[in-house]
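Have a look at the structure below, then the notes.
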Amino acid sequence: MYGKVISACLHGVEGRLVEVEVDLSNGLPQMNIVGLPDSAIKESMERVRAAIKNCGFTFPLQRITINLAPADIRKEGSAFDLAIALGILATSGQIPLPDAEQTLVLGELALDGSLRPIPGVLSMMATAKEKGIKRVIVPQLNAAEAALIDSIEVGSLAHIQEMKDGTANLFNSINYQQPLLPDPSSPAGTPSEDYSDVYGQLHAKRALMICAAGMHNILLLGPPGTGKTMLVKRLPTILPVMSEQESLDVTKVYSASGKFADRSRLIRERPFRMPHHTISSAGLVGGGSTPKPGEISLAHRGVLFLDELPEFSRAVLEVMRQPLEDRQVTIGRARAVYRFPAHFILAASMNPCPCGYFGAETHTHPCTCSPLKIEHYRSKISGPLLDRIDLQVEVPRMDYGQILEAEPQLSSAEMKEQVDRARKIQLDRYRTTGITFNGELQGKLLRAHCRLHSEAESLLRKSFEVLGLSVRAYDRILKIARTIADLDGSESLEAPHLAEALQYRSLDKKTHSVGLPR
């Protein structure tokens, strides 16, 4: 006897449909699973056998062969338990399973037959929708997450005994309302932190506003206690609200990682990740024997904040170079290549030297670092990585008088209003191009939308020669200037926009002024 059930597994953060074929034949009672299963799937034989017996069904005393097709792709995880169990019961005639080839079956079984939730349901559902699947059976705790994908009828199971009468009552008994996707025009909530908390530092706030408006990478450089960490931690309060597609993409990453806490709604706030400087390369970009998303993928469509950047291992920092350009992580293994999304803002902070006071000495805090120490400290951040950071901004020390005389502080609401205006301009400009932010410009699009007038061209040529900029830095300066023009409501790039963009290359200027190596 032969039967087939449709299930799915995760490949990176994307779902992949798998056919669970069941063959019952005469012979010595045994159960074999083929089709490149991992150890978790091989162990499912015992979970399925115990669950079927403990629910009052009869486990067939026949030769049972389970094939997971396509057979050349490695299958991982416990999501096949329910499909294997229902396949055996349907093939042996113990339960009806109509429209099996149009029904996706997902879930992990406990020994008593109850269903446990699994990670990655959202990704599997998205793939099922693309393939034309009409119905899905999932554990009860995954039902809300599954219902986030429309056009698929969701049936939830708390226990395998509910399948005794087939699926008719299963789908008719639930009336689950589709949760609405986030409204891009509605606020994400009242932030607990606000830029009005930060005294002064208007230059840094302006740079962060440019960063948020164009989704540019940023590095804050300054002595201890100047507010670098405070400034970056408030960056999410001025970022544009995520679109529906961005919300779905971010939620899929968190679902696949097992970090999707509230399964009843899509994630609507842009992620903010702040890993410790002791993190490994695999922890940052993802990896493992079965690769999982790292911090840069968990920061997808949000912010990855690396505080005290030179304290991170140089090897760890260098693995970010490719994701910063390609906006995805590619991890190769012997049997497969895994790709994880990594479209994020890199925000970092650092001191000017190991002691922290180079260029900001006081009588109580003189700089005690030799030029060799400073050179070694800064050399932890390679030139190619710095080239990928659009804005390099100094955050100077403020004295007591400056704090008292500080003007009324720029609030997050005021900054976000300007960011949203620039965001709308970019959405209108790029609506037919497949990109949404100035930070994504490259190639022909960059040349088309960043044309310079003669005065601005002359200024950039002179700066390119004096500062020894790379071609990559040249492109990034143009992108920053484009965002500054959008914030000013200007369609053309003028010399003032370019001059301001050049101000945000502090490390290029400092390198040449103090004679440190690039």
Inset, instruction - Go from 0 up to the bin containing the longest alpha carbon distance in the chain, width 20 Å each, and give me the % of pairs per bin. - result: 21, 44, 25, 10, 0
Inset, instruction - Compute the acute angle (0 to 90°) between the alpha-carbon long axis of helix 471-487 and the principal axis of greatest extent of the alpha-carbon atoms of the chain; round to the nearest 10°. - result: 90
Legend entry - Helix axis angle, 121-130 relative to the chain longest principal axis, alpha carbon, degrees: 80
Legend entry - Listed peptides 35-44, 113-122 by packing density, highest first (mean Cβ within 10 Å): 113-122, 35-44
Inset, instruction - Straight distance only, please: which lysines reach the Cα of K129 with their own Cα at less than 22 Å, same-chain residues fewer than 8 apart left out? - result: K4, K75, K252
Legend entry - Positive minus negative residues near L317 (Lys, Arg vs Asp, Glu; Cβ under 14 Å): -1
Inset, instruction - Among DSSP beta bridges whose residues both lie in the range 2-172, state the antiparallel percentage, nearest 5. - result: 55
Inset, instruction - Could you give the spread of the C-alpha atoms of the range 316-440 along their three principal axes, from largest to smallest, in whole angstroms? - result: 58, 44, 18
Legend entry - S411 paired with S25, simple spin-label distance in nm, labels 7 Å along Cα-to-beta-carbon: 7.5
Legend entry - Degrees, to the nearest 10: 202-214 long Cα axis against longest axis of the chain: 40
Inset, instruction - Determine the alpha carbon to alpha carbon distance for each of K205/K479; K259/K292; K53/K164; K205/K259 and list only those over 21 Å. - result: K205/K259
Inset, instruction - Nearest 5 is fine: what % of DSSP beta bridges in the chain come out antiparallel, could you say? - result: 45
Inset, instruction - Report the full-extension gain for the segment E101 to M274: residue separation times 0.36 nm, less the Cα-Cα distance, to one decimal in nm. - result: 57.9 nm
Inset, instruction - Calculate, in nm to one decimal, what S281 and S196 gain on full extension: separation in residues at 0.36 nm each, minus their alpha carbon distance. - result: 27.0 nm
Legend entry - Cβ crowding within 10 Å averaged over residues, with 485-492, 328-335 ranked highest first: 485-492, 328-335
Legend entry - Protection proxy ranking, peptides 267-274, 295-302, average beta carbon neighbours within 10 Å, highest first: 295-302, 267-274
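Every number in this text was worked out from the coordinates using simple rules, so none of it is lab data. Not measured: the values here are computed from a predicted model. FYI the Cβ positions are ideal-geometry reconstructions off the backbone, even for glycines, and counts take in every protein chain you see.
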